[in-house]
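Enquirer: The structure that follows is given in the form of structure tokens.
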Amino acid sequence: MIYLDNSATTKPYEEALVAFRTASEKFFANPSSLHRKGGEAERLLRQARSSIADLLHVKINEIIFTSGGTESNNLAIKGTALQYLNQGKHLITSSIEHASTLEAFRQLESLGFKVTYLAVDQEGKISLDELEAALTSDTILVSIMHVNNELGSIQPIKEIGQVIKQKSRALFHIDDVQGIGKIPLDFDGVNADLVSYSAHKFHGLKGNGLLIKREKLVLFPLLSGGGQEQEIRSGTENGPGIVAMAKALRLYLNKAKVHKDTLEMLRRELFEDLSKVDGVELNSTLFGAPHIVNFSVPGVKPEVLIHTLEEKDIYVSTRSACSSKTAEASHVLTAAGLSEIRAKSAIRISLSFETTKDQIDLFLKELKTAVPKLKQIMR
């Protein structure tokens with residue numbers, strides 16, 4: 001199997017699965033229970049939190065465990081807007097954010113908030129000048145993703161943080177779900193207040209994620225209940241999943257140190273070879289994230305190409321997995337100025353540190369065979 005849909009989800013590490021099962025069998029008690037078994041589960045949870053804090057270079061009490069990237073984004077955005085609405089009701093984001101961010105902002109618009117959606121250039125980047133012009137005394141939050149999940153474009157996060165802190169009192173939220181381990185992000189160095197992560201993007205299990213929150217920052221809780229996670233995210237913690245997430249994160253970041261150059265080499269090979277395939281048009285730029293390449297084959301329905309490759313046990317995708325079943329053109333690609341034809345025929349290749357050169361070579365071979373045949377059939 002050649003799996004090239006890692007931006008949708010990664011295959012869990014075997015060690016993470018073992019950690020999950022061990023924690024489920026031996027530390028199954030509720031961490032909030034007062035008895036010994038509850039205490040054991042609570043200590044294991046605390047150890048996992050400490051491990052993740054060390055790996056991400058943040059404080060233990062700056063970590064809020066969630067169910068994944070969608071909840072982390074919603075908690076950061078809505079939690080900030082509802083907590084600080086008396087200080088202002090203006091919010092800023094970009095036009096190419098993940099659905100969990102865009103839908104959160106649209107919901108807030110229905111509640112009376114004003115949202116500015118910054119345009120992007122052909123590389124998928126916002127303008128710092130436009131950001132500065134959009135900031136007002138009423139702005140309370142700016143939310144920008146670090147790495148785009150479809151194009152692989154990298155936002156100038158450090159410079160964005162500087163503009164926000166120099167020109168406003170707004171808080172800065174970063175969706176780093178696609179960037180972790182691939183593009184460095186220094187929580188303090190970029191002036192971030194909130195950063196979202198999802199475990200299944202770095203070989204952990206689905207249903208786990210976290211939100212990094214500055215120590216003294218207050219958020220309006222979206223889930224009310226027993227007061228877990230500093231009374232910000234109530235609900236019995238998914239201890240086994242959190243333990244597996246800590247294990248996966250450590251392994252993943254260690255592999256990133258060793259294999260990042262290889263990943264960049266494979267992406268360059270993809271760019272060079274795809275640019276030579278008749279009928280293929282590249283949408284990503286060479287200077288994007290090292291694991292995402294987006295291209296279009298105008299005249300060929302992407303689902304047909306996907307299933308053709310699937311017959312060879314090769315797996316790619318069209319766009320964000322959260323939106324892949326819709327027939328509409330990708331909002332990311334159209335926002336970057338691509339035609340509707342190219343946006344509707346786009347294919348996304350997303351690599352992992354497990355991807356090999358042999359796999360990329362075989363994918364390219366099968367693609368070069370499939371494209372002319374499909375274009376002939378669909379004339």
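Enquirer: Given charges of +1 on the Cβ of Lys and Arg and -1 on the Cβ of Asp and Glu, with all other atoms neutral, how large is the dipole of the range 31-94 about its Cα centre, in debye to the nearest 20?
Expert: 140
Enquirer: Are any of the pairs LYS114/LYS206; LYS182/LYS206; LYS59/LYS247; LYS125/LYS365; LYS255/LYS344 more than 29 Å apart by Cα-Cα distance, and if so, which?
Expert: From the list (LYS114/LYS206; LYS182/LYS206; LYS59/LYS247; LYS125/LYS365; LYS255/LYS344), the Cα-Cα distance tops 29 Å for LYS114/LYS206; LYS125/LYS365; LYS255/LYS344.
Enquirer: Taking Cα centroids, how far is the range 207-222 from the range 116-167 in Å?
Expert: 21
Enquirer: In the chain, what percent of the accessible surface is made up of carbon and sulfur (1.4 Å probe, ligands and nucleic acids excluded)?
Expert: Heavy-atom surface of the chain belonging to carbon and sulfur, 1.4 Å probe: 51 percent.
Enquirer: While we're looking at this one, here's another question. How much accessible area per residue does the chain have, in Å², with a 1.4 Å probe?
Expert: Heavy-atom SASA per residue in the chain reads 44 Å².
Enquirer: Relative to the Cα centre, what is the charge dipole magnitude of the chain, using +1 at the beta carbon of each Lys and Arg, -1 at the beta carbon of each Asp and Glu, and rounding to the nearest 20 debye?
Expert: 560
Enquirer: Could you tell me which GluC sites (Glu not before Pro) in the range 211-310 are loop residues by DSSP with no more than 10 other beta carbons within 10 angstrom of their beta carbon?
Expert: Filter output for the range 211-310: GLU215.
Enquirer: I've got another one for you. So what is the relative contact order of the range 281-321, in percent, for Cα pairs below 8 Å that sit 6 or more residues apart?
Expert: Contact order relative to length: 29 percent.
Enquirer: Here's a follow-up. If Lys and Arg each add +1 and Asp and Glu each add -1, what is the summed charge of the other residues whose beta carbon sits under 11 Å from the beta carbon of VAL120?
Expert: After counting each charged neighbour, the total is -3.
Enquirer: Could you give each residue of the range 366-377 its phi-based ³J(HN,Hα) in whole Hz, using Karplus coefficients 6.51, -1.76, 1.60 with θ = phi - 60°, and x for Gly or Pro?
Expert: Listing the rounded values in order: 5, 5, 5, 7, 6, 4, x, 5, 5, 5, 5, 5 Hz.
The values are calculated or read from the model by the stated rules, or taken from the named source; none is laboratory data. Bear in mind the structure is a predicted one, so any value in this text is a computation, not a measurement. Note that each Cβ is placed from the backbone with ideal geometry, even for glycine, and that neighbours are counted across all protein chains shown. Side chains included, ligands, DNA and RNA excluded: accessible areas come from the protein's heavy atoms. Shrake-Rupley method; radii C 1.70, N 1.55, O 1.52, S 1.80 Å.
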